1. Nearest 10 degrees, 0 to 90: what angle lies between the long axis of helix B:169-186 and the longest principal axis of chain B (Cα atoms)?
2. Before anything else, pin down the relative contact order of chain A: Cα pairs under 8 Å, at least 6 apart, normalised by residue count, whole percent.
3. Taking θ = phi - 60°, what integer Hz values does the Karplus form 6.51 cos²θ - 1.76 cosθ + 1.60 yield along segment B:97-106, in sequence order, with x for Gly and Pro?
4. Which angle between 0 and 90 degrees, to the nearest 10, do you get for helix B:139-151 versus the longest principal axis of chain B when only C-alpha atoms count?
5. Please name which of B:128, B:232, B:350 has its Cα lying farthest along the dipole of the protein assembly as shown towards the positive end, using unit charges on Cβ (Lys, Arg +1; Asp, Glu -1) and the Cα centre as origin.
6. For every helix of n ≥ 4 consecutive DSSP H residues, a contribution of -39,500 (n - 2.57) applies; sum these over chain A, divide by its total residues, and give [θ] at 222 nm rounded to the nearest 500 deg cm²/dmol.
7. What whole number of Å gives the distance from the Cα centroid of segment B:1-27 to the Cα centroid of segment A:6-80?
8. Please arrange B:188, A:107, A:244 by counting, for each residue, the other beta carbons lying within 10 Å of its beta carbon, fewest first.
Amino acid sequence: MRALVFALYLFLYAPIALVVLFSFNSGRNASELVGFSTQWYGRALSNPFLMDALQTSLIVAFTSASLAAIFGTMAAIGLERLGQRTRAVFDGLLSAAIVVPGVVIGIATLVALVELFSFLNPAIAAVWPGTDPPKLGLGYGSIVAAHGLFTMALVTMIVRARLASLGRDIIDASSDLYATPLTTFREIVLPQIAPSILAGFLLAFTFSFDDFIIAFFVAGSRTTLPMYVFASIRRGITPEINAIATIVLVASLVLIVMARFLTREKKLKSGAVLQKA
Amino acid sequence: MHNDIEFRSVTKNYGAVTAVSDVDLQVPKGAFLALLGPSGCGKTTCLRMIGGFEQPTSGTVLISGREMNGIAPYRRPVNMVFQHYALFPHLNVEQNVGYGLKQMRPRIEASEIARKVALALEMVRLGGFAQRRVHELSGGQQQRVALARAIVNKPAVLLLDEPLAALDRKLRTAMQIELQTLQRELGITFVLVTHDQEEALSMADLVCVMNTGSIRQLGTPQEVYDHPTDLFVADFVGKTNRVTATLETDGRTLRLADGSALNVGERRGMTAGDAILAIRPEAIRVDRHAKPGATGFQGTVTNRIFLGSTAEYSVAVPGLGDFLITSDRRNLHESELVEPGQTVFLGFDPTTAHLFPVSSSA
């Protein structure tokens with residue numbers, strides 16, 4: 001039994017460990033370790049195509065995660081005020097959004113955007129006063145939109161869990177102590193849910209940064225980092241790719257550990273503080 | 001003398017359920033009112049309508065003579081102590097207590113807020129606790145922070161929603177005395193919601209007994225205990241022994257289930273017919289033998305509960321059922337201690353026992 005578990009974990013993590021190991025290989029060949037070197041990191045960081053892809057990924061991840069954090073939080077607060085039944089429907093839709101396969105989201109978003117553009121572009125051209133009307137197309141905007149929509153569901157679910165544990169009492173108490181609804185939100189609700197919002201943001205960032213499938217469909221002429229890695233693998237695995245993969249791995253791990261830390265259960269000496277009425 | 005709180009035919013419905021039904025209530029300035037009743041009687045809904053967390057379906061709630069319909073909680077001159085305290089977990093004790101003062105407009109200077117907060121903390125004996133986090137405090141201390149957070153604002157009315165329910169017995173008794181003292185010192189009107197009759201009787205100077213959304217009796221603790229207006233109040237405020245009987249047409253002879261008769265004296269408002277005689281446990285005297293000319297029942301002791309200063313007896317009376325008797329120990333000499341199995345005589349004065357029509361139990 002123990003051996004089986006060991007074998008399973010080995011199967012899971014050995015390839016990842018190999019990638020990390022070979023990223024420090026001084027040789028060019030991926031099949032033999034020659035010596036220790038960080039030259040591939042240097043090579044990767046000075047590759048302009050790679051740096052361009054990294055920049056695209058960072059911009060997309062940051063923008064879509066920010067939008068997801070803002071709109072996801074707003075949705076979570078809105079959902080708190082709905083009736084039981086409407087809320088159940090929205091909760092179901094949220095979970096559905098998370099389990100829908102990336103390939104479906106990719107195709108669906110692509111089809112929707114292409115349809116939208118083919119309707120909007122002639123309309124814009126018709127009312128445009130100049131001779132060269134702007135043309136909407138796939139690119140930053142479409143990746144951010146696709147990632148943002150998807151990760152918004154993540155943020156909403158995390159923030160909703162925190163809001164539900166807050167309870168009605170401390171909001172009533174704030175209102176009882178002369179605070180307007182806006183002040184109550186700023187002084188009481190926001191400080192309580194801020195760690196969850198940040199955790200949601202970090203998860204959304206990680207998701208967007210790592211995503212290949214959705215970006216592949218809607219990126220247009222843009223190349224994100226996972227797309228670059230995928231494309232360059234077709235020309236053979238280089239130690240340079242191993243170096244990038246290691247960087248992405250470490251960055252993702254750090255973000256996820258941070259998110260986990262932010263949403264951990266706070267242990268209280270007395271349960272009365274957070275107890276619900 | 002104007003009223004601090006007034007309910008004018010207030011009704012509150014939740015869908016098809018009526019939580020509060022046509023309640024009229026006046027609470028004079030500076031009173032300590034207890035809303036007493038079983039859970040679901042509408043007492044908490046009444047409190048929340050004063051606080052502004054619920055709006056009446058019909059009728060009007062007035063605070064200090066001002067109509068409050070449609071006015072949000074943050075615009076009302078009342079403060080509430082919540083059942084589970086509802087302290088802000090991310091703020092320390094000082095910030096919790098100063099929260100209300102910080103919201104006041106025109107703004108109060110920070111130094112003035114600090115002074116008032118320190119005073120309020122002193123008042124609830126939490127002088128050195130200003131910088132503590134609330135989750136570092138014990139239940140009793142959190143309770144006092146919640147109290148300080150409310151009284152520091154000098155509200156016209158302080159609302160207390162079962163404030164002592166989460167405390168252990170000893171702490172509860174101590175807090176009861178503290179609350180009473182505080183109320184006298186501040187002169188603020190207190191409205192306390194409780195299901196504990198002992199708490200209501202010991203702290204309040206006005207008790208409002210509620211059941212199924214309406215007020216059954218409003219009076220001083222002594223009035224509701226000694227002169228309950230109906231069987232529900234008699235039962236809820238203290239213990240009662242019930243004897244089903246029939247009042248005969250002469251208006252003073254009560255025929256009991258075992259066929260015996262009692263002279264209960266003139267009763268105003270009682271008509272002949274089925275009635276219930278309600279006798280308080282402490283109004284019954286336990287004797288070995290019937291004294292000459294005494295009124296009462298013969299029965300057998302089935303159980304004795306020793307409570308320290310008092311003892312409770314269960315006595316089975318043939319044809320009438322079980323009786324509960326509280327016996328004060330001061331009146332009990334060692335030789336008079338009654339053991340289970342013994343036959344005793346339960347003596348009482350039928351002219352002072354309460355008599356209710358059968359229909360008043362609902």
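A short reminder: the numbers here are calculations on the coordinates, not readings from a lab. This one's a predicted model, so the numbers in the text were calculated from it and none came from an experiment. Cβ coordinates were reconstructed from backbone atoms using ideal geometry, including for glycine residues, and neighbour counts include every protein chain displayed.
1. Result, in degrees: 60.
2. 32
3. Per-residue couplings from phi come out as 5, x, 4, x, 5, 5, 7, 5, 10, x Hz.
4. Taking Cα atoms only, the helix is inclined about 70 degrees.
5. B:128
6. Mean residue ellipticity, 222 nm, calculated: -24500 deg cm²/dmol.
7. 65
8. Numbers: B:188 22, A:107 15, A:244 25.
Taking fewest neighbouring Cβ atoms as first place, the list is A:107, B:188, A:244.
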